[in-house]
Amino acid sequence: MSQMFEGAEDFVQSIPALTPLMGLDLGTKTIGIAICDAFRSIATPRETIRRKKFGLDAARLEQLIDDNNITGLVLGMPRNMDGSEGPRCQATRAFARNFTARRDIPILFWDERLSTVAAERALIEADTSRAKRALVIDHVAAGYILQGALDRLAHLRNG
């Protein structure tokens with residue numbers, strides 16, 4: 001049975017060293033996906049999938065997990081600005097429960113407050129057109145989510 005973690009300290013104990021992780025930015029209409037290298041140093045935004053039905057979405061994620069030897073997921077937790085959890089957090093937890101029923105993989109819930117804002121700001125600074133931003137914002141946000149977790153894991157590793 002897969003384990004779900006609120007803290008990086010416990011999550012890191014559940015995943016093998018030198019394996020890539022996948023970050024997910026779950027939206028109501030899309031799922032942004034980022035993947036890191038085996039050294040867990042750089043998160044790379046990969047793609048955005050348009051959500052259809054859970055089974056189809058999960059099958060695409062499983063394909064990416066298999067193709068990239070992913071050993072853990074970092075799932076953005078869309079907390080309210082005061083830190084409380086609303087309906088979107090409940091939906092994220094439900095997605096994680098449903099996914100772990102299909103695939104035994106550790107999941108870290110990562111506070112994603114402001115990740116989309118940071119992604120949007122970076123894309124604007126890079127002079128990305130509004131149309132192009134709309135196409136990439138979700139997987140760029142997933143990159144911010146995953147990179148935040150990677151930075152925390154590196155801090156734990158380096159003490």
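FYI, it's all coordinate maths here, none of it is from the lab. Quantities reported herein were computed from a predicted structural model and do not represent experimental measurements. As a convention, Cβ positions derive from the backbone with ideal geometry for all residues, glycine included, and neighbour counts pool all protein chains shown.
Helix-derived [θ] at 222 nm for the chain: sum -39500 (n - 2.57) over DSSP H runs of at least 4, divide by residue count, nearest 500?
-16000 deg cm²/dmol
Hey, what do the phi angles of the range 137-151 turn into as Karplus ³J(HN,Hα) couplings, whole Hz, using 6.51/-1.76/1.60 and θ = phi - 60°, x for Gly and Pro?
Ordered by residue, 3J(HN,Hα) equals 4, 5, 7, 5, 4, 4, x, 5, 4, 5, 5, x, 5, 4, 5 Hz.
Just report the Cα centroid separation between the range 68-84 and the range 92-114, whole Å.
Centre-to-centre (Cα) distance: 7 Å.
Run the simple label-point estimate for R60 and C89 please: 7 Å along Cα→C-beta, distance reported in nm.
Label at R60, label at C89, 2.7 nm between them.
Residues with amide H under 5 Å of F5's amide H, sequence separation 5 or more or different chain, H placed in the peptide plane at 1.01 Å from N; which?
Distant-sequence amide H within range of F5: I107, L108, F109.
Using only the alpha-carbon atoms, what does the range 115-159 span along each of its principal axes? Please give whole angstrom values in decreasing order.
Extents along the principal axes: 42, 16, 12 Å.
Please rank C36, C89, fewest neighbouring Cβ atoms within 10 Å first, as an exposure proxy.
Ordered from fewest to most neighbouring Cβ atoms within 10 Å, C36, C89 come out as C89, C36.
If a paramagnetic tag sat 7 Å from the Cα of A101 along the Cα-Cβ line, which residues of the range 55-78 would have the backbone N under 13 Å from that point?
Answer for this model: 55.
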